[in-house]
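Have a look at the structure below, then the notes.
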Amino acid sequence: MVTDGGIAVLDFGGQYAHLIVRRIRELGVSAELMPYNTPVSDLKNKDGVILSGGPRSTLSKDALTIDKNVWDLGRPILGICYGHQLIAKELGGKVTASKLKEYGRTKIVVLRNSRILKGSGDRLTVWMSHGDTVKAAPPGFKEIAKSQDNALAAMEDTDRQIFGLQFHPEVTHTQKGRRMLSNFVFDICNCKASWSPDDFIQKQIAEIKKVAGNDRLLCAVSGGIDSTTAAVLTARALGDRLQCLFVNHGLLRAGEAESVLSMLKKLGLNVAYVDASDRFLASVRGVEDPEEKRRIIGKEFAEVFKEFSKRNGPFQWLVQGTLYPDIIESGSPNIHAARIKSHHNVAALPTDIPLKVLEPLKDLYKDQVRIIALKLGIPQEFVKRHPFPGPGLAVRIMGRITRDKLEICRKASYIFEQELKRSNLYYKIWQGFAIVGDDKAVGVSGDQRSYGHIVILKAVKSEDGMTAEWAKLPYSLLERVSRRITNEVKGVSMVAYGISDKPPATIEPQ
Ligand code: XMP
């Protein structure tokens, strides 16, 4: 679907391409991620075009490029990283594979007044991630910033309205990155801010009414913010024609089934409960491979839905709380990013399911969903709960899932969450949980040798789950949690703390 106005972000496969879309939507302007080779005819109604970063080199044989007519479209163009190099290469500048590779935080110096860097100051820290370098800007372009290593960092041609940034303004580590995107979107492309949560809710309700007609819908609700928000939004549109289903797959957190059910009922949703723990646990017994676990769980979910649907249907639709990052990280065919994990509600669902899929939140990020959820009247404490993956503790138990490891993972997570709440830190971090695998360590308890599991605690700070920083929790808290876990959870002799960011790690270990 091509929407009118706003910004087209042409996707060259960079992991951050989607973040550009997000930042522009945060400015209240519509933005769409589109394939890098989108024909110029589909860009005519756009106010501006951004060329994203990407993993390839513009100098390689398999370099990706845009429809040549885009250069003469008469709309402002901003190239970021790969996009910046593409501008240089295609418009007569010079790109070289330099020995100087810049990754991470770099300082740049602004050389002159410019439209794109307006308001950025003279010196700033930016986020770089590139191997090739623009050696010479194309004719008509002015160099407007250089990096600490003297490499060209930004250029612009104000007559043709073409701009290039070697660094990533969409990444929060780039100082004034938001201002640069705002310069492009508002001052250069003349866009008007129009996106608002109320608008989104009204449009989605109208859209759901339109596509669902007189059909009945089934919504799998996990108690997480995504599926709950999708359900409440759909129920606003269709009332009783929405049937919610909460499936207990036996891999939930301690006390979760009871608390989720009661919350869903309080929200006025028409919800059924199926305890399918035995069949889920049997289906993953002996499975070690993480993607295989996710696939099996996705398949079991689909079977449960099909059976429920047969008994209580007919239903024509399945409503899901899929978010934009789920689609990106599952490697949707329209997007050139690599598949990281099969989030169970996207790529792992079998395609033979005889229900059409409705995903009202598929263009949103988690923090945007939280705003929508609050607007829909979902209580704060529910909205602020830490995200919990669809496959549950299955992705936090490394290797085979056994009853012992499940108990350890569940109890250790419970203790960790409880202590985070007691220290008033629970709501200040994105997620905190425990992981358990097959690694064991020797311990001493009551003068006896023990040989128990190693539990890894993870706590991260994040804005949207796409990138994350490990949380610098106080030692006293970690010490208390460690002591409680080794004392209270049978079969644990050591507790460790995960200190990897995303990237390179992901938040969940599998
Ligand atoms: P990762 O591990 O990919 O996680 O860095 C990013 C965020 O997504 C959550 N997550 C999932 N959520 N189904 C979900 O609904 C899944 O299969 C799934 N896997 C990861 C994760 O908890 C984190 O907040």
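Side notes on the structure shown:
- Yes/no for A412 being within 16 Å of the ligand (Cβ to nearest atom), within 14 Å of S482 (Cβ to Cβ) and open to solvent by less than 10 Å² (accessible area, probe 1.4 Å): no
- Search result, residues across region 83-108 that are open to solvent by less than 60 Å² (accessible area, probe 1.4 Å) and closer than 20 Å to T158 by Cα: G83, H84, Q85, L86, I87, A88, E90, L91, G92, G93
- Residue check: E26 meets all listed conditions (1) under 15 Å from N183 (Cα atoms); (2) among the acidic types (D, E); (3) over 19 Å from the mean Cα position of the chain (by Cα) but one, namely (3).
- F308, sole failed condition from (1) of a type in the set (F, W, Y); (2) surrounded by fewer than 22 Cβ atoms within 10 Å (Cβ to Cβ); (3) touching a Ser or Thr at 6+ places or on another chain (Cβ under 8 Å): (3)
- Positions within region 268-294 being open to solvent by 50 Å² or more (accessible area, probe 1.4 Å) and either of a type in the set (S, T, Y) or under 30 Å from P379 (Cβ atoms) (or both), in sequence order: G268, N270, Y273, D275
- Test: residue in region 233-243 that is within 22 Å of S413 (Cβ to Cβ) and in contact with a strand residue (DSSP E or B) (Cβ under 9 Å, 6 or more places away or on another chain): no
- Selection count, region 141-157, where residues are surrounded by fewer than 18 Cβ atoms within 10 Å (Cβ to Cβ) and under 16 Å from I77 (Cβ atoms): 1
- Cβ pairs under 6 Å, 6+ apart, first in region 211-226 and more than 22 Å from D367 (Cβ to Cβ), second among the basic types (K, R): R216/R241
- Verdict on K362 being away from the ligand (no atom under 11 Å from the Cβ), of a type in the set (K, R), modelled with pLDDT under 90 and in the same structural domain as G224 (by TED's automatic domain parsing): yes
- Test: V9 is closer than 19 Å to Q166 by Cβ and over 22 Å from the mean Cα position of the chain (by Cα): no
- Test: residue in region 399-408 that is modelled with pLDDT of 90 or more, closer than 27 Å to A17 by Cα and open to solvent by 10 Å² or more (accessible area, probe 1.4 Å): no
- Per-region count, region 400-413, residues touching a helix residue (DSSP H, G or I) at 6+ places or on another chain (Cβ under 8 Å), touching a residue at least 60 places away in the same chain (Cβ under 8 Å) and under 15 Å from V455 (Cβ atoms): 5
- Residue in region 438-451 that is within 23 Å of G255 (Cα to Cα), at pLDDT 95 or above and not assigned by TED's automatic domain parsing to the domain that holds D226 present: no
- Looking only at region 224-235, residues that are away from the ligand (no atom under 11 Å from the Cβ) and of a type outside the set (S, T, Y) come to 5 in all.
- Subset of region 379-390 (residues that are in contact with a Leu (Cβ under 7 Å, 6 or more places away or on another chain) and within 14 Å of the ligand (Cβ to nearest atom)): none
- Counting the residues of region 461-510 that are of a type in the set (D, E, K, R), farther than 19 Å from K421 by Cβ and within 16 Å of the ligand (Cβ to nearest atom) gives 6.
- Any hit, region 473-488, residues being under 27 Å from E291 (Cβ atoms) and not β-branched (V, I, T): no
- Given (1) within 30 Å of the chain's Cα centre (by Cα); (2) without any contact (Cβ under 8 Å) to a residue 24 or more places away in the chain, index of the condition D159 fails: (1)
- Which numbered condition K502 misses (of (1) in contact with a helix residue (DSSP H, G or I) (Cβ under 9 Å, 6 or more places away or on another chain); (2) within 26 Å of P391 (Cβ to Cβ); (3) at pLDDT below 95): (1)
- Members of region 311-326 that are part of a helix (DSSP H, G or I) and open to solvent by less than 50 Å² (accessible area, probe 1.4 Å): Y324, P325, D326
- Test set (1) within 16 Å of the ligand (Cβ to nearest atom); (2) under 23 Å from R115 (Cβ atoms) - A220 fails condition number: (2)
The values are calculated or read from the model by the stated rules, or taken from the named source; none is laboratory data. Model, not experiment: these values are computed from the prediction. Glycine gets a Cβ as well: all are built from the backbone with ideal geometry, and neighbour counts include every protein chain shown. The area values use the complete protein model at the heavy-atom level, side chains included, leaving out ligands, DNA and RNA. Shrake-Rupley method; radii C 1.70, N 1.55, O 1.52, S 1.80 Å.
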